[in-house]
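The values are calculated or read from the model by the stated rules, or taken from the named source; none is laboratory data. Here the structure is a predicted model, which is why all the values come from computation and not from measurement. When we count neighbours, we look across all protein chains shown, and the Cβ atoms used for this are built from the backbone with ideal geometry, even at glycine. Accessible surface is based on the protein model in full, side chains and every heavy atom, while ligands, DNA and RNA are left aside. Shrake-Rupley method; radii C 1.70, N 1.55, O 1.52, S 1.80 Å.
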Amino acid sequence: MELKVSGLENLPAAAEQILEVAGNNRVFLFYGEMGAGKTTLIKSLCALLKVEDTVSSPTFSIVNEYVGDKVRVYHFDFYRIKNETEALDLGYEDYFYSGHYCFIEWPEKISNLLPEKFVELKLLETSENERLIKITTCD
């Protein structure tokens, strides 16, 4: 599935479609260049899940935990890790297989550790104000 998103005001509708396509999948992989809008999209997804915490990129902490209305969300940013051992040390399995939402930025840095079931989102910047989101589910 592909979504064209023009402007931030259309992100909530895109986020709604993404959650609908995801079904019971709770692990989301976000691919895209720096500045493509991964964190911004995650903020919209968290808003739909009624997360009241401030959602921000966990660039230095690697993982942020948010609590929503009857949900828990783990937001990962693996951009700064040097190797997969750092994710192992973090105890990634406890998060990925918890049944809670896991939003993972830069999953290519831990490709050998990813679960078999996930939703892949590739964000492509088509213009300054427009993104193409390619969504694939693997279950």
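Among the trypsin sites (Lys or Arg not before Pro) in region 79-139, which ones are in a DSSP loop with at most 11 other Cβ atoms within 10 Å of the Cβ? Mind listing them?
LYS82
Run the dipole for region 78-123 about the Cα centre, Lys and Arg Cβ at +1, Asp and Glu Cβ at -1, nothing else charged, and hand back the magnitude in debye, nearest 20.
180
Using a probe radius of 1.4 Å on heavy atoms only, what accessible surface per residue do you get for the chain? Whole Å² is fine.
55
What is the angle, in °, between the Cα long axis of helix 38-48 and the longest principal axis of the Cα atoms in the chain? Nearest 10 is fine, range 0 to 90.
80
In percent, what relative contact order does the chain have, based on Cα pairs under 8 Å that are 6 or more apart in sequence?
RCO, the chain: 35 percent.
Protein chains only, probe 1.4 Å: how do PHE60, PHE76 rank by accessible area, largest first?
PHE60, PHE76
Can you show me the helix-derived [θ] at 222 nm for the chain, built from DSSP H runs with n ≥ 4 at -39,500 (n - 2.57) apiece and divided by the number of residues, rounded to the nearest 500.
Result for the chain: -7000 deg cm²/dmol, rounded to the nearest 500.
Might you report the magnitude of the Cβ-based charge dipole of the chain about its Cα centre, with Lys and Arg at +1 and Asp and Glu at -1, to the nearest 20 debye?
80
When the accessible area of the chain is split by element with a 1.4 Å probe, what percent falls to carbon and sulfur?
45
Pick out, in residue order, every one of the chymotrypsin sites (Phe, Trp or Tyr not before Pro) in region 1-41 that is DSSP loop and has at most 13 other C-beta atoms within 10 Å; say none if there are none.
none
Modelled label-to-label distance, GLN17 and ASN112, 7 Å Cα→beta-carbon offset: nm?
3.7
What GluC sites (Glu not before Pro) does region 11-105 have in DSSP loop regions with at most 10 other beta carbons within 10 Å?
Listed in order of number, the matching sites are GLU33.
At 1.4 Å probe size, with no ligands or nucleic acids counted, give the accessible surface of ILE110 in Å², nearest ten.
About 0 Å², rounded to the nearest 10.
Find the Rg to Rh ratio for the chain, where Rh is the Kirkwood radius over alpha-carbon pairs and Rg uses the same atoms.
0.93
Write down the percent of antiparallel bridges among all DSSP beta bridges whose residues are both part of the chain, to the nearest 5.
60
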